[in-house]
1. Output the residues belonging to the stretch 129-142 that are surrounded by fewer than 18 Cβ atoms within 10 Å (Cβ to Cβ) and at pLDDT 80 or above.
2. Filtering the stretch 50-77 down to residues that are closer than 23 Å to LEU90 by Cβ and over 16 Å from the mean Cα position of the chain (by Cα), which residue is surrounded by the most Cβ atoms within 10 Å (Cβ to Cβ)?
3. Could you check the stretch 80-197 for helices (runs of 4 or more DSSP H) lying wholly inside it with 1 or more residues that are over 30 Å from GLU57 (Cα atoms)?
4. Please name all residue pairs, on different chains or six or more residues apart, with Cβ atoms under 6 Å, provided the first residue is in the stretch 149-170 and is farther than 14 Å from ALA128 by Cα and among the hydrophobic types (A, V, I, L, M, F, W, C) and the second residue is in a helix (DSSP H, G or I) and at pLDDT 80 or above.
5. Being free of Cβ contacts under 8 Å to residues at least 12 places away in the same chain, under 17 Å from the mean Cα position of the chain (by Cα) and surrounded by fewer than 21 Cβ atoms within 10 Å (Cβ to Cβ) is the requirement here; does SER121 meet it?
Amino acid sequence: MPRALSFRTPLCLLTVLLLAACGGDAPKDDAPAEAAAAVAQPGAPASSEVADPISVEDIGRWEKGMAAELAAVQGSGAKLESARTGEDTLSALMGVQEMTTTPVGAEAAGMDQERYKTVRSNLAAAVAYLTPHLGGIDTTKLSVAQREEMREMNAAQLRQLEGAVPAEVIEALKPKAEALRKKEIELAGARLKGAGM
């Protein structure tokens, strides 16, 4: 398995292994029909709402959502430490995963889950392009020409995001980008720690 994969993959594999070890049930044959019914349920966000460009106000909403997700992950991590049964352990491990914390983050952000996932994904990408020195390449070891090339590449990536993240949102992100990126890295680290990794 390539090392470049995100931490979500090992967490999912760990969960599958734990389910198998605990005698978890195999998926039902009608699972695809249930999934289709869930998508068709009333109250699901309209696709246009999910695809709407992100607003400046969404930055604060994402920040609230991240804080709520971090609190949920830390709570599950504490449960893992005190787990006494396999079921307790599995429940705690599931609690640190993104699919479990997304509803918590969405509620704190005041959004439906699909809109929250869209906002989270796009703002996280924008923040990463604005702060390449955090959680990525050590830019101090690059030459001036390499730093300029990276700056131009990141600027090009931000321009590509403009359909989802308008220029005014990018401008509003700039002063907060480093703090938001650090929170995002903290959340990723807490997920790993909460999974005992």
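The values are calculated or read from the model by the stated rules, or taken from the named source; none is laboratory data. Computed from a predicted structure; not experimentally measured. As a convention, Cβ positions derive from the backbone with ideal geometry for all residues, glycine included, and neighbour counts pool all protein chains shown.
1. HIS133, LEU134
2. That would be SER76.
3. Counting at least 1 such residues, we get 86-95, 144-160, 177-194.
4. Pairs found: ALA164/ASN122.
5. Considered against the rule, which asks whether it is free of Cβ contacts under 8 Å to residues at least 12 places away in the same chain, under 17 Å from the mean Cα position of the chain (by Cα) and surrounded by fewer than 21 Cβ atoms within 10 Å (Cβ to Cβ), SER121 comes out as yes.
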